[in-house]
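Nothing in this text is a laboratory measurement; each read-out follows from the coordinates by a stated rule. Being a predicted model, the structure only gives us computed values, none of them experimental. FYI the Cβ positions are ideal-geometry reconstructions off the backbone, even for glycines, and counts take in every protein chain you see.
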Amino acid sequence: MPDLSASWPWLTLVAMGAFHGLNPAMGWLFAVALGLQERRLRAVLAALGPIALGHALSIGLFAVAVGLLGLIVPQRLLLIVGGLALLAFAGYKVVTRFRCVRWVGMRVSAVQLTFWSFLMATAHGAGLMLIPALVRLERSGAAVAAAQDGHAMDHMDMSMPMAMPMPMPSHAPATGGGDPIAPLLGAVAVHTGALLLVAGILAVVVYQRVGVEVLRRAWVNLDFIWTGVLTITGVITLGVGLWQVLMG
Amino acid sequence: MQTMPTWRPDPTLYPSPRSAMQAPPETFGYVVRVNPNDDGKPDAICTIDLDPTSGTFGTVVGVAEMPHAGDELHHFGWNSCSSMLCPSAPHPHMERRYLVVPGLRSSRLYILDTKPDPLHPHIVKTIEPEEIAGRTGYAKGHTVHCGPDGIYVSALGGPDGDGPGGIFVLDHETFDVLGQWEIDRGEQVLAYDFWWHLGHDTMITSEWGTPKMVETGLQPDLLLNSQYGHHLHFWNLRDRKLTQTVDLGKEHQMALELRPAHDPTRSYGFVNTVISLADLSGSIWLWHRPEGKDGDWAIQKVIDIPAVPATEDQLPPALQPFKAVPPLITDIELSLDDRFLYVSCWGTGELRQYDVSDPFHPVLTGTVKIGGIVARTGHPAVDGPLNGAPQMVEVSRDGKRVYVTNSLYMPLDAQFYPEGIKGWMVKIDAGTNGGGIALDPEFFVDFGAFRPHQVRLQGGDASTDSYCFP
């Protein structure tokens, strides 16, 4: 049976990727519009690459930040700061009544579309939502490195509020190899892959079969759900961080 | 004054003009009512019952008076429309709820809330001219369009009454005045209307005159010297820079209403010129460029409506030397399927319907005669001749009903109908297959001494919304 503590961050990354991919504001709708404007499916497919790349860049920024901070800051502090950042951002979304990004323009080059996707993901706090998973993976990468130095037991497993010692890395992520950054880059790839899959399927199905009319019926306000997820993630992250402090 | 977004998209937002045509028929509409009498009483936004099953069909059922007199309310628009579904910054959970109403004379701007009681909208915010001038350099607000990223308002000029006129932007949600829209206006000075091709990142602006050139009416010396506007300006909507100016020819004075194809994949549209100095005719022009190409825009005249000979005693002093009544094309409107173009001839007293399925070759498919400088054609629902003539045109989303009001602008009303326009609004039923238009013989809203201008229909109409999907 797979070890949950090792696999949950990856499952979270996939689930979040699918969730982000589902949001029309993250790009699939733009791909559909570009296809309709040019009247060809190829335009839909061509848009997906830049959309995924822009999202990956935004997520990657958070991953690198977590990786670098993880080198100098204890995990529990990283969790507390991350949790507070998530809650602050969720609060900001509510206070500003979920204001949207200002962007005019549909005729975009691949570079502009990449930048647009980066902007949308960043403005929605997509990377923030991944902080718990990223911190966990950063630790597991660091743990491999530490284990090789014989200090693995210093690290607590943030996934277990019971503060169980972290399982020895008998099946730690293959990407580890002692580099704390490598699993984080893997995380970005896995997350973006899930986003691309969901957004791609939605874009093609809406373009080919369903039609944009579906927006009128099916487009519930994802900003509300999104902010809810930010809040819940923030509470859990903060809670685990505080728990680790309490448990010493 | 921010409101919370809703859980579901606003039901009046449609991704494409095609789907908007399936919208339910409007049951009421809003009409600007100007008070031309110098009696200290204000202008108003009137609510008209447009539900044919209602006992008060075709009557004024609500009057929202402004707090000040002398605004000269003119055009107005919505805070939210179908462009909220545009994919680059989608936020369709913003309700179509607030009317944005500029005063053309006062330069004031009112925000009215239609939500608690749609029949009786009430003012929730007033933006004073000093604030608009201070933040944008503009005065005399005119056209309002809800854009993907804000509310755009055109302005005839600056607070000193001179040019340049241009566009300023309001925040969608707070109605804060954000500033001047243009980053590089090139040689553009005159302004009037604007609209866009969202699928082509192109804004188009037209030309009338600066506030000083129009506020006392049309000035003969300026007109005869071709000083009123005769250019169209094309802008990059994203960069906010002027990219091209085309000249219709200086004899074609006053290039006003812009009606781009509603289908965002199309790259053409129509503009009217009011009067030709050569022969008093009015004309409709088509701007276009090959689809899928980024090149220059071209323009050509596609409709020409001649003046009609008349005797001096039939004409107001301004027209007597010419012994003819000009058509005076003052408004046009394109149905949501881009199929029918409606043309108001405010001088000769006609509303014309053209089939523009082939935009290069319009075909006249219907004419309704009412009012007119000479003709004074009456209406079946009332006795006697009528003055004023079809002016503001609004077409329902399904394309089946056309609403028309008869007043233009007080200084111009006085020049062409010096006896004083009696205000009215009529309804015209349109055939959507082969075309054809006819007056609804029952529908006649009598505004008496007041002057009605722009009409906005419940949930949107053929000149409020823009679409990002074909």
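A cut-off of 5 Å between modelled amide H atoms, ignoring neighbours fewer than 5 places along the same chain, links B:Thr243 with B:Phe234, B:Trp235, B:Asn236. For segment B:408-417, 3J(HN,Hα) computed residue by residue from phi via the Karplus equation (6.51, -1.76, 1.60; θ = phi - 60°) reads 9, 6, 3, x, 7, 3, 5, 7, 9, 10 Hz, glycine and proline entered as x.
Here the Karplus curve 6.51 cos²θ - 1.76 cosθ + 1.60, taken at θ = phi - 60°, turns the phi angles of segment B:57-64 into couplings of 3, x, 10, 7, 10, x, 10, 9 Hz, with x standing for Gly and Pro. Spin-label pair A:Leu246-B:Lys41: with each label point 7 Å from Cα along the Cα-Cβ axis, the two points sit 7.2 nm from one another. The orientation-averaged projected area of the convex hull spanned by the Cα atoms of chain B comes to 20.0 nm².
With the convex hull of the Cα atoms taken as the outline of segment B:329-432, the averaged projected area works out to 6.6 nm².
Over the protein assembly as shown, consider all pairs of different Cα atoms and compute the Kirkwood hydrodynamic radius from their mean reciprocal separation; express it in Å, one decimal.
Over the protein assembly as shown, the inverse of the mean reciprocal pair distance is 27.7 Å.
Multiply the residue gap between B:Ser54 and B:Glu419 by 0.36 nm, knock off their C-alpha separation, and tell me the result in nm, one decimal place.
This chain segment gains 127.9 nm when fully extended.
How far apart, in nanometres, would the label points at A:Arg209 and A:Leu69 be if each is projected 7 angstrom from Cα along the Cα-to-Cβ direction? The two pseudo-label positions are separated by 4.2 nm. Simple rule: put +1 on each Lys or Arg Cβ and -1 on each Asp or Glu Cβ in the protein assembly as shown, find the dipole, and look at B:Val61, A:Gly193, B:His231; the Cα lying farthest toward the positive end is A:Gly193.
Counting only Cβ charges, +1 for Lys and Arg and -1 for Asp and Glu, the dipole size of segment B:179-283 around its Cα centre is about 220 debye. By the Cβ distance rule (another cysteine Cβ under 4.7 Å), the unpaired cysteines of chain B are B:Cys46, B:Cys345.
The magnitude of the dipole of the protein assembly as shown, with charges of +1 and -1 set on the Cβ of Lys/Arg and Asp/Glu and taken from the Cα centre, is near 1880 debye. Modelled spin labels at A:Arg42 and B:Thr311, positioned 7 Å past Cα toward Cβ, are 7.0 nm from each other.
Magnitude of the charge dipole for segment B:17-457, about its Cα centre and with charges confined to Cβ atoms of Lys, Arg (+1) and Asp, Glu (-1), is about 440 debye.
Its DSSP H runs of at least 4 residues, each contributing -39,500 (n - 2.57), put the calculated 222 nm mean residue ellipticity of chain B at -1500 deg cm²/dmol, to the nearest 500. Extent of segment B:1-119 along its three principal axes (Cα atoms, max minus min coordinate, largest first): 48, 36, 25 Å.
Taking amide H as placed 1.01 Å from N in the peptide plane, B:Thr330 has its amide H under 5 Å from the amide H of B:Ser344, B:Trp346, each at least 5 places away in sequence or on another chain. Look at the stretch A:22-30: the mean tally of other chain Cβ atoms within 10 Å of its residues' Cβ atoms is 3. Once the Cβ-Cβ distance of A:Val94 and A:Ala15 is raised to the sixth power relative to R0 = 30 Å, the FRET efficiency obtained is 0.80.
Considering only alpha-carbon pairs that sit under 8 angstrom and 6 or more positions apart, the relative contact order computed for chain B is 14 percent. In order along segment B:389-405, the phi-based Karplus estimate (6.51 cos²θ - 1.76 cosθ + 1.60, θ = phi - 60°) of 3J(HN,Hα) comes to 6, x, 10, 5, 10, 10, 10, 5, 4, 7, x, 9, 10, 10, 10, 9, 10 Hz; Gly and Pro are listed as x.
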